[in-house]
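Reading through the structure tokens given below for one structure.
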Amino acid sequence: MRLRIGTRGSALALAQSTDVAARLRALGHDPELVVISTVGDRVTDRAFTDVGSFGVFVRELESALLEGAIDAAVHSYKDVPSRMPQGLVIAAVPERVDVADVLLVRRDAVAVERGGLPLADGARVGTSATRRRALLLDARPDLVLGLLRGNVPTRVRSLSEGRFDAIVLAAAGLARLARADGEHRLTLGDDITTVRLDPAVFVPAPSQGAIAVQVRESDLAVRAVVAPLDDRSCRRAIQAERAALYLAEGGCTLPFGAWCSVASDGTLTLVAALGLEDGSVARSVAVGEDPQAVASVAWDELSRGVHA
């Protein structure tokens with residue numbers, strides 16, 4: 001079956017959509033990538049809170065789906081709002097890669113004695129995410145945070161050029177770009193060291209590390225084509241994280257993190273974190289079998305921290 005797959009044009013987005021296309025091609029289909037620019041790609045000089053509501057990287061792709069210009073859209077799942085337009089569904093969630101955030105540090109700013117965030121006192125750290133800002137300042141109030149926007153190669157270049165002493169990126173994006181072909185492959189210079197941040201402490205964005213394949217709900221043929229890409233265990237974990245996000249009514253502008261791990265027996269463990277107005281971070285952990293129930297327990301515990 002021929003499929004038009006919508007994607008953003010960034011190196012990371014193309015790496016993700018190319019991987020999905022390769023999987024579909026291996027199943028005997030004929031995928032074609034259609035690059036669509038989003039407002040999040042076009043506006044790179046402002047924080048997400050100043051660009052607009054959650055969904056700045058998906059709206060144009062969703063519009064193209066609803067208008068029939070494409071048959072499927074490939075997203076970084078963490079960019080997808082908890083409330084999507086009527087008529088669209090996530091038809092497949094391929095297996096997830098590393099959920100963690102990674103601290104990229106210029107070697108001359110490394111301070112191993114500072115533990116989990118091995119940065120020199122007063123280090124300049126680049127990030128655009130409110131969640132990362134809250135977690136960084138909760139652990140290290142001495143850090144100086146600055147706005148970091150643009151695609152992954154652009155962010156890494158800002159570090160190499162000395163604008164920052166460190167930046168925070170998703171491990172999944174770095175891994176995908178390290179495996180990319182040709183001009184999209186990312187190689188870090190010898191002047192940069194990487195530190196994986198424990199997701200149980202530096203809690204990732206909900207669904208970080210996962211890809212969402214979105215289609216029209218009524219297009220049963222396309223839904224059947226992409227269904228073999230779905231990973232059930234990953235989907236359950238994502239359901240818990242997304243349910244918690246829904247309860248928080250949050251997105252890019254909310255300092256909220258959620259990470260769900262799945263044990264070999266199927267038990268879910270959901271860790272959640274919420275940045276509070278006083279600069280502290282409320283945290284919760286919930287364990288169970290049902291994604292919605294686990295999310296409810298985690299959010300109830302966080303809410304008690306918010307109103308304490």
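The values are calculated or read from the model by the stated rules, or taken from the named source; none is laboratory data. Here the structure is a predicted model, which is why all the values come from computation and not from measurement. Cβ atoms come from the backbone with ideal geometry, glycine included; neighbour counts cover every protein chain shown.
Computed values, structure above
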read-out: Members of the stretch 1-17 found to be among the charged types (D, E, K, R), surrounded by fewer than 22 Cβ atoms within 10 Å (Cβ to Cβ) and without any contact (Cβ under 8 Å) to a residue 60 or more places away in the chain, listed by number; value: Arg2
read-out: Odd one out for Pro255 among (1) touching a residue at least 40 places away in the same chain (Cβ under 8 Å); (2) touching a Pro at 6+ places or on another chain (Cβ under 9 Å); (3) not charged (D, E, K, R); value: (2)
read-out: Members of the stretch 87-105 found to be at pLDDT 95 or above, part of a loop (DSSP other than H, G, I, E, B) and more than 12 Å from the chain's Cα centre (by Cα), listed by number; value: Gly87, Val93, Pro94
read-out: Only listed residue being touching a residue at least 40 places away in the same chain (Cβ under 8 Å) and surrounded by fewer than 19 Cβ atoms within 10 Å (Cβ to Cβ), chosen from Val89, Val93, Val74, Val152; value: Val89
read-out: Among the residues listed as Ala273, Ala237, Ala286, the single one being surrounded by 21 or more Cβ atoms within 10 Å (Cβ to Cβ), in contact with a Phe, Trp or Tyr (Cβ under 9 Å, 6 or more places away or on another chain) and under 28 Å from Ala72 (Cα atoms); value: Ala237
read-out: Residues (assigned to a strand (DSSP E or B) and under 19 Å from Ala212 (Cβ atoms)) located in the stretch 16-31; value: Pro31
read-out: Unique residue being surrounded by 21 or more Cβ atoms within 10 Å (Cβ to Cβ) and over 18 Å from Ala73 (Cβ atoms) when the list is Ala200, Ala175, Ala170, Ala180; value: Ala170
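Residue by residue, here is whether (1) modelled with pLDDT of 95 or more; (2) part of a helix (DSSP H, G or I) holds:
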position	(1), (2)
Arg235	yes, yes
Gln239	yes, yes
Gly250	no, no
Ser261	yes, no
Leu270	yes, no
Ala273	yes, no
Glu277	no, no
Val285	yes, no
Ser296	yes, yes
